[in-house]
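Below is one structure, written out as structure tokens; comments come after it.
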Amino acid sequence: MTLHPELVELIRIVAYIVGLIIFIALNAAYLVWVERKVAGHIQRRIGPKEVGPWGLLQPIADGLKLMTKQLIIPYGVDVTLFKIAPILVMIPSVMCFVTIPFGENLVARNLDVGLLAIFAFASVNVLGLLFGAWGSRNKFAIISAARVVSQNVAYEIPMLVVVITIVMVSGSMNLHDIVTQQMGGFWHWNIFKFTASPLMPVAFIIFFVCMLAETNRAPFDMAESESELVAGAFTEYPGMGFGIFFMAEYANIVVGASLATILFLGGWDSPVGIFPGVIWFLLKMYALVFTVIWIRWTFPRTTFYSLLNLSWKILIPISFANLVLTSAMLKVF
Amino acid sequence: MYTYLKEICVGTWSLLVGLAITIRYFFQPVVTVQYPHQALPMPPRFRGHTELVWDEKKAGHKCIACMACQRACPSGCITILGEKGEGVKQKTTLASYKLNFTTCSLCGLCVESCPTKALDFSKEFNLAGTTKETYVYDLLKRFEEKYS
């Protein structure tokens, strides 16, 4: 019996939607657990340990608690914006996963403009935070919104300039092609492609720093900054409204780490040239996620001015220098 | 230009130093005590509520119900009842020793004033209750329960 090709396509789409949503939900839940465990061990504590073995059921308990809470709409909020904001933050990060190739044949939809699509969706995230903060009629939220927007504008530039450098080197915006060009051992990865530009490792660091800032992670967590702004944009959100923002934050970290893996670390390519596959992609991605958590529990939050200074005075000039250098090298060699 | 580059290099290096410290901590064993499951032994000078001490020679407590501690107590939280004994000397024995721990400030004057050294601080710190009466301790009864 042969299945109708359209039916096969439909099954494929449903399988990818379900699979990706499960992947994102599991990641969001268990990265919180990982974060708390890592935070604990960095401070030489244990972290969650009471709920289930090694505290493994803790995220489920937290999720149940958040879901059973009443969704209070505070008096005087802009109800439409207030309700739409968590969705507007969550959906783009889910959409980003569509074009991410996890393995040779494991990609929901291999777009030729995959990179562009991811950045287009990722930029909606900040709009969602702005809506939520502005709509919730809270002074802390509004301060947070102002910070988030200026931070994201500042860090989008060096990130995109670095990405343009990668696109120039690989000549494609198709994420699958970008990875395929880096196959065959770690010396082929973009991070070590010194023939294209000697500044490639620096470009990777710039990308990573911008990724931290774009996902509003410490030390750039100006959006939330508990000690100054209560919870920033999320101050007025109860229960699962806050939960969705929280899930979106972790989903964004996974997107960012995946992108860094694809653009610089050779995606599913094995560093020693044997057994390329999904396992290598996940290993590299989670190593980067661990680094993100590690950085959060090492550095205190920067002040807002030094945050903007870092972007405008250091990251942007260096990323442009890298861009010019790369184009010159591409022309010469 | 020189200070600009130097600042970047020094700054990056300081960040790496910080990361090295935290990763070293990450792999070191934990130092916390898992309190409800484990507990540290209390230091010798820890002051819990007072208790009667066990004496080997008398095979019991040493209290002679002289009321010195009751008089010394600035908060008036000690109530002692003595019992006149039989015989010529009519030695007093302790009938009850009530300590109202809700007003006790653990100043230790009772321990100091005791002529027979019959009192000492216990190492008890797991104290929780729902009524005030929980904290009116009968030290004699506690003593008997502990050493029976």
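Assorted remarks:
- Test: residue in region B:6-18 that is aromatic (Phe, Trp, Tyr), out of contact with any Phe, Trp or Tyr (no Cβ under 9 Å at 6 or more places or on another chain) and not in a loop (DSSP other than H, G, I, E, B): yes
- Where a residue in region A:63-82 is part of a helix (DSSP H, G or I) and its partner, wherever it lies, is of a type in the set (Asp, Glu), with Cβ under 6 Å and at least six apart: none
- In region A:261-270, the condition of being of a type in the set (A, V, I, L, M) and surrounded by fewer than 22 Cβ atoms within 10 Å (Cβ to Cβ) is met by no residue.
- A:Thr261 being among the polar types (S, T, N, Q), touching a residue at least 24 places away in the same chain (Cβ under 8 Å) and under 16 Å from A:Trp280 (Cβ atoms): yes
- Residue list for region B:61-77, restricted to those being on the phi > 0 side of the Ramachandran plot and surrounded by 16 or more Cβ atoms within 10 Å (Cβ to Cβ): B:Ala65
- For region B:1-60, the set of residues classified as acidic (Asp, Glu) and either in contact with a Ser or Thr (Cβ under 8 Å, 6 or more places away or on another chain) or more than 9 Å from chain A (Cβ to nearest Cβ) (or both) consists of B:Glu51, B:Asp55, B:Glu56, listed by residue number.
- Selection from region A:119-139 of residues that are farther than 15 Å from A:Ile84 by Cβ, crowded, with 18+ Cβ neighbours inside 10 Å and polar (S, T, N, Q): A:Asn138
- Complete set of residues in region A:16-45 that are surrounded by 15 or more Cβ atoms within 10 Å (Cβ to Cβ) and assigned to a loop (DSSP other than H, G, I, E, B): A:Gln43, A:Arg45
- Residue check for B:Phe143: within 17 Å of the chain's Cα centre (by Cα), touching a residue at least 40 places away in the same chain (Cβ under 8 Å) and within 18 Å of B:Phe46 (Cβ to Cβ): no
- Selected residue (criterion: farthest from the chain's Cα centre (by Cα)) from residues of region A:38-80 that are away from chain B (no Cβ under 14 Å) and basic (Lys, Arg): A:Lys69
- Selection status of B:Ile80, among the aliphatic types (A, V, I, L, M), in contact with a helix residue (DSSP H, G or I) (Cβ under 7 Å, 6 or more places away or on another chain) and modelled with pLDDT of 85 or more: yes
- Matching strands (runs of 3 or more DSSP E) fully within region B:78-148 where at least 3 residues are surrounded by fewer than 16 Cβ atoms within 10 Å (Cβ to Cβ) and in the same structural domain as B:Cys63 (by TED's automatic domain parsing): B:78-84, B:92-100
- Single condition B:Met42 does not satisfy, out of (1) over 30 Å from A:Pro48 (Cβ atoms); (2) of a type outside the set (Phe, Trp, Tyr); (3) surrounded by 14 or more Cβ atoms within 10 Å (Cβ to Cβ): (1)
- Test: residue in region A:116-126 that is touching a helix residue (DSSP H, G or I) at 6+ places or on another chain (Cβ under 8 Å) and over 23 Å from A:Leu263 (Cβ atoms): no
The values are calculated or read from the model by the stated rules, or taken from the named source; none is laboratory data. Note that this is a predicted model, so its numbers are computed, not measured. Heads up, the Cβs are rebuilt from the backbone with ideal geometry, glycines too, and the neighbour counts pull from every protein chain shown.
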